1. Would you kindly state how much longer the chain becomes between H299 and E132 on full extension, computed as 0.36 nm times their sequence separation minus their alpha carbon distance, in nm to one decimal?
2. Provide the per-residue ³J(HN,Hα) series for the stretch 48-59, in order, calculated from phi with Karplus coefficients 6.51, -1.76, 1.60 and θ = phi - 60°, each as a whole number of Hz, with x at glycine and proline positions.
3. Students often get this wrong: which residues of the stretch 117-154 have the backbone nitrogen under 19 Å from the point 7 angstrom along Cα-to-C-beta of V181?
4. If you average the sequence gap of Cα pairs under 8 Å that are 6 or more apart and divide by the length of the chain, what percent do you get for the contact order?
5. Please arrange H136, H98, H166 by how many other C-beta atoms lie within 10 Å of their C-beta, fewest to most.
6. As a check on your grasp of the helix formula, calculate [θ] at 222 nm for the chain: sum -39500 (n - 2.57) over DSSP H runs of n ≥ 4, divide by the residue count, round to the nearest 500.
7. Between the stretch 121-173 and the stretch 3-53, what is the separation of their alpha carbon centroids in Å?
8. Compute the distance in nm between two label points, each set 7 Å from the Cα along the Cα-to-Cβ direction, one at Q34 and one at Q162.
Amino acid sequence: MTIFARFGLLAGLYLSQGLPYGFFTQALPVLLRQQGASLPDIGLANLLALPWMLKFLWAPVVDGRAHGRWGRRRGVILPLQVATVLVMVALSFHRPEHGMTALLVGVLVCNLLAATQDIATDALAIDLLQPEERGHGNGVQVAAYRVGMILGGGAILMVLDQLGWHLSFVLMATVLALATVPIALWREPVVASSEHVSVDWRSLGVWFQRGDTVRWIGLLFVYKLGDALATGMVRPMMVDAGLGLKDVGLIMGTMGSVMGLLGALLGGWGAQALGRRCALLLFGLLQACSVAGYTLVAHAPSWWGFAALASCEQLFGGMATVALFTAMMDVVRPTHAAADYTLQACVVVASTGIGASLSGLVAARAGYEGLFVGSACLCLAAVAAVASYRPQSGEFLPCLEREAS
């Protein structure tokens, strides 16, 4: 299987995750605000992403799955892809003006399916990519995820009024079905039975028995916290400034996501060319600057100001995300790839979920400007955490000094 075929296969799977998540993070806050939801309630709606925070609990089950007729990873991914398509079709029949409860439950189910698919997909990426391919591979994966977010977030907001609720969701379901084709056609190589691993719940505790792993987990937690705290309220702020669905969709879901896609590709190059530590430091500083910039439009809102700052934040945020994911991928055990990577990913998701959930409460008390100043300070704290971190020798500890290949 060529490197381009591997990248293409993974791109389709990560796009499938990004599409419903784009709707959840970009379109849903706008719809909730239009329905009269308060800022704290919009922030707390991010708790619907709870499956992404807790997926490490069932990651050992995915890791311990033996090869079936469809393959070890493919046998998990393919049924979940089909189930997500069916849920999206079901949601097309329930409009938000008829009540938000069914929509929120549907979002929760989609997050549960996508989070479980992500466990197997991350493990598949580790299986397929060589260490020297991981920087570029993560760039492609995050870029594909961003494309999915463009389709499920900004693009849907832009066409929702014209196509209507039902057709918009059917369109998203169709895109998901098309993205399922590559994994459906792929035949996963059979691994000898001696290479199978059983469900190993003890693997969750391995990380906390090694050297300075607690410091590494702390670094993972703080690295994207400030960015998530800030971006959780950008869309409601745009609605409060008088921007309509099309404006929010164009700026955040399309322009911003395209820049995020570019940032993912640049981040993949940076993780390889600059080394892990340098990339995390540089991209983290740029991320802090872009978050601080939101204070300008909080003070003096303008269409072009929102467009420029959202583009910068998505660009630098994408670069920082890829650098972080690449460093995380370096430390997993091949026989426990799903559990090891998922545990780290859950720390990041928990951090961003907590940040986004608290964003409404902070904005309600401190105002938008106070929210963005505090968020920028957290981003700088993350950079300081990277600068002060020195990995000890050990089998499962990250090597941030990894040289470019």
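1. On the way: separation 167, 0.36 × 167 = 60.12 nm, distance 4.49 nm.
Gain in length upon complete extension: 55.6 nm.
2. Karplus-based 3J(HN,Hα) across the stretch 48-59 equals 5, 7, 3, x, 5, 7, 9, 5, 4, 5, 10, 4 Hz.
3. Within reach of a label on V181, which here means backbone N under 19 Å from a point 7 Å along Cα→Cβ, the stretch 117-154 contributes 144-145, 147-148, 151-152.
4. With pairs under 8 Å counted, the relative contact order is 29 percent.
5. Numbers: H136 19, H98 11, H166 14.
By the 10 Å Cβ count, ascending: H98, H166, H136.
6. Working: 19 runs with 288 residues, N = 405.
That comes out to -23500 deg cm²/dmol.
7. Rounded to whole Å, the Cα centres lie 10 Å apart.
8. Taking the two extended label points, one gets 1.5 nm.
FYI, it's all coordinate maths here, none of it is from the lab. Since the model is a prediction, treat every value here as computed from it, not as a measurement. Because the Cβ atoms are built from the backbone with ideal geometry, glycine has one as well, and the counts that use them run over all protein chains shown.
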